[in-house]
Structures are given as C-alpha cells and as structure tokens.
1. Calculate the translational D of region 1-57 in whole µm² s⁻¹ from Stokes-Einstein, where the hydrodynamic radius comes from the Kirkwood formula applied to all Cα pairs, the temperature is 25 °C and the viscosity 0.890 mPa s.
2. Compute the FRET efficiency between ARG145 and GLN175 as 1/(1 + (r/R0)^6), taking r as their Cβ-Cβ distance and R0 = 35 Å, and round to the nearest 0.05.
3. For a paramagnetic label modelled at 7 Å from the Cα of ALA58 toward its Cβ, which residues of region 14-29 fall within the zone defined by backbone nitrogen distances under 17 Å?
Amino acid sequence: MADSDERLLVEAAQRDPSRFADLYDRHFDGVYAFVVSRVRDRDAAEDLTSEVFHKALASLRTFESRGAPFGAWLIAIARHALVDRARRDAREVVDSGQVPDPGMEAEVDVDRIEEYARLFRLVEDLPADQRAVITDRFIDERSIRETAERLGRTEGAVKQLQFRALEALRRRMRQPDRGRRAAVPGEGRDA
C-alpha cells in the first residue's frame, strides 16, 4: 500500500474511529508477529496485541506521521507494552525469589516481522485439517499423540497432515509474496 493510501486511512480513522478497522486489518499480522516472536506464548501474545490496538485507537487523534509509517508507531506501542509486561513479570519473579531473565531485545528486525506475518497468513490459507495440526503442534506445542486425540485422527494421519502442511509452507515461502488476501477481523485467528 502506498504511503499516501495509508495516510488517507489514518486520517479517515482519526475523523471516524469506526474506520480504524481498516488499519487493524492492514497491521494485525505484523504487530502479532512482532509480539509473538518475543513472548512465545500464544495467549499472552494475543492479549498484548489486543492491548496495542486498544492503545493505538485511544491515542489515534494524537498520531502524527512525522515521516514514519503508521506500522512503526504500532510497533513502538508494542515495544512499550512488552517492556511493561517484562517489568511486571520481573516484579513478580523478584517477589517470588526467582532470578529474573535478562532484558529484552531492543532492536526491531522488520524483515523478520514481515516474514512471520507472511508465514501466519500462509498458515491461515492451509486446508482446515492441516492448519489445525500446525496450530496444535507448533503454536500450542502439543505432541503427536495429543494432537491425534484432540482431532480424532490416528497418529499416522497427524504425521502425514503435518508433513503435507510443512511442505506446502516451505514451497509457498520460497515464492515471492504476492500481497495479502483481504482480512476479515477475527477470521482464521481462532484455529
């Protein structure tokens, strides 16, 4: 999307907050990819991503481009949310007597975020049974046996679905990104 198109979307949302959905659709995958690459817990990543968009909507009227894209502003909000979460977690760890984990990554790797976002879109485009296996195995970190029981399949069937899904994802990741399909809020995110 051209910078001028995005600027028009931002201005429209600043005038009418109901238009924020267009910006949400445009930037959800990138923000989620940024967050999930740092917290690695699906529920926490979803909560933090939601928090980012709530904060962005609440502060939208004060947003000024200053030459930076809207997505960069969202990533800055996400970074602050992650730091706040890390501080809260550190306080909880200190209160419990555990040793806190060293600080968080300060550098943002935009290319990596875009690749994660692209991978999430490709997983959403998999057939439902393959998407369910990939989600169970690699997001929810279930075993082959647990996945088979949950999906009512044999372990062999789950292994075959996983193999086919991973092959399809590898093949598609090697192809040039042809842009994204139109996103429907909430679609494919519950799988």
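Just so you know, all these numbers are worked out from the coordinates, no wet-lab data involved. A quick note: this is a predicted structure, and the numbers were derived from the prediction, not measured. Because the Cβ atoms are built from the backbone with ideal geometry, glycine has one as well, and the counts that use them run over all protein chains shown.
1. Values: Rh = 12.0 Å.
The Stokes-Einstein estimate is 204 µm²/s.
2. Details: r = 33 Å, r/R0 = 0.96.
Efficiency for this residue pair is about 0.55.
3. Within reach of a label on ALA58: 17.
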